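Reviewing the structure listed below.
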C-alpha cells in the first residue's frame with residue numbers, strides 16, 4: 001500500500017505559511033515572515049559534510065530540501081538560527097506574548113493535558 005501524499009498542510013496545518021521565516025523566501029512548502037527562522041547551515045561541521053558525501057557515494061540521493069516535496073535523501077538539516085543564536089519555540093512563539101492577558105505561565109505546575117477547542 002502506498003503512503004498518502006505528503007503536503008505541508010498534511011503534516012501540520014498552517015505551519016509553513018504562518019510560523020516560519022525561511023531564508024530562501026516563501027514557497028509551496030515554506031513560509032516567510034513568521035517568528036521562527038529557518039536557515040541553511042552555512043558553516044557545517046566537516047564531519048557532517050563528510051557524512052553527507054559518504055551517503056551520496058553509497059547511493060543515497062542528495063536532497064536540497066528534505067522539508068520540501070521530496071522527503072527522501074540526504075542533506076544537512078535546516079537550522080533555527082537568528083543573529084548567531086538558536087531560536088527555540090519558547091523564544092519564537094511564547095516570549096513575544098508573555099504580557100498578554102490571554103496567556104498565563106506558571107512554572108510551578110506541570111502540564112499533563114492540553115485540551116484544544118474543536119478537538120477530541
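The numbers here are math on the coordinates, done by the rules we state, and not lab data. Since the model is a prediction, treat every value here as computed from it, not as a measurement. Heads up, the Cβs are rebuilt from the backbone with ideal geometry, glycines too, and the neighbour counts pull from every protein chain shown.
Data overview
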read-out: Residue-span extension gain [residue 60 to residue 81] - 0.36 nm each, minus C-alpha spacing; value: 4.8 nm
read-out: Cα→Cβ-extended label distance, 7 Å offset, between residue 114 and residue 74, nm; value: 3.5 nm
read-out: Percentage relative contact order, segment 18-84, counting C-alpha pairs under 8 Å, at least six apart; value: 30 percent
read-out: FRET efficiency, residue 51 to residue 23 (Cβ-Cβ, R0 22 Å, nearest 0.05); value: 0.45
read-out: Alpha carbon convex hull of segment 12-120, projected area averaged over orientations, nm²; value: 10.3 nm²
